[in-house]
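First the structure, in the form of structure tokens, and then the observations on it.
The values are calculated or read from the model by the stated rules, or taken from the named source; none is laboratory data. Source: prediction; values computed, not measured. Cβ: placed from backbone, ideal geometry, glycine included. Neighbour counts: every protein chain shown. Note: areas computed on protein heavy atoms with side chains; ligands, DNA, RNA excluded. Shrake-Rupley method; radii C 1.70, N 1.55, O 1.52, S 1.80 Å.
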Amino acid sequence: MWVAIGTMALLAALLGLALGYAALRFRVEGNPIAERIDQILPQTQCGQCGYPGCRPYAEAVAKGEAEINRCAPGGEPVVSALADLLGRDPMPLAEGAEKPKEVARIDEQECIGCTLCLQACPVDAIVGAAKSMHTVITAECTGCGLCVKPCPVECIHMDPVSEGLEHWRWPYPDGTPRDIAQPAVATA
Ligand code: SF4
Ligand code: SF4
């Protein structure tokens, strides 16, 4: 009988070790749903959703703490993609989230080369060097406006973007219009 008890105890210990190893080996870092939501978001890190970047917003949506319609740069296509992913009904963009497209422009004559805007830009759309003129790479600018406030000489202006041919993009496969200067929405 002691042999049987001993064998059972040994088997239980080995099984426990195997389960422990599996839990460590196949552990998923972070929240997999938040990961898939984050892949859909446009990574502009602009904070227009009220969160300090795309990942914190993705985590909040995954926990059900935030609605899926707060990502202004992502617009309707991101709301639809998140609704698809989460099996929910799409909803219109949150109040105030829809705003006319803009890009930043630096008045290079006025720029003193302090680099504050360059540090503030979450998508590296500004180029320049200390004490030298800075300029915006329009094609990279998401229009988040985060560079305007830090400029000590107020030489950054947000210009409205005309929806002309130079900004026209092929619509998404489902026919929804693709926002200007926005990366394609990844279908998770
Ligand atoms: S240049 Fe300014 S408005 Fe454009 S993405 Fe950078 S911080 Fe935002
Ligand atoms: S913050 Fe203003 S002054 Fe400073 S580098 Fe940028 S544009 Fe030039």
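Just one of the numbered conditions (1) open to solvent by 80 Å² or more (accessible area, probe 1.4 Å); (2) of a type in the set (A, V, I, L, M, F, W, C); (3) not in a helix (DSSP H, G or I) is not true of Ile68: (1).
Applying the condition of being open to solvent by 30 Å² or more (accessible area, probe 1.4 Å) and either under 26 Å from Cys49 (Cα atoms) or assigned by TED's automatic domain parsing to the domain that holds Gln39 (or both) to region 95-114 and asking which residue is farthest from ligand 1 (Cβ to nearest atom) yields Glu95. In region 144-166, the qualifying residues are those that are at pLDDT below 90 and assigned to a loop (DSSP other than H, G, I, E, B), and the one that is surrounded by the most Cβ atoms within 10 Å (Cβ to Cβ) is Cys144.
Going by the conditions given, is Cys141 near ligand 2 (Cβ under 7 Å from one of its atoms) and either open to solvent by less than 70 Å² (accessible area, probe 1.4 Å) or at positive phi (or both)? Lay out the reasoning, then the answer.
Details: near ligand 2 (Cβ under 7 Å from one of its atoms): no; either open to solvent by less than 70 Å² (accessible area, probe 1.4 Å) or at positive phi (or both): yes.
Criteria not met by Cys141.
Which of the residues belonging to region 72-94 are at pLDDT 90 or above and either within 16 Å of ligand 1 (Cβ to nearest atom) or hydroxyl-bearing (Ser, Thr, Tyr) (or both)? Across region 72-94, the qualifying residue is only Ser80. Taken over region 117-138, the criterion of being surrounded by 14 or more Cβ atoms within 10 Å (Cβ to Cβ) and either in contact (Cβ under 8 Å) with a residue 40 or more places away in the chain or more than 7 Å from ligand 1 (Cβ to nearest atom) (or both) is satisfied by Leu118, Pro122, Val123, Val127, Gly128, Met133, His134, Thr135, Ile137, Thr138.
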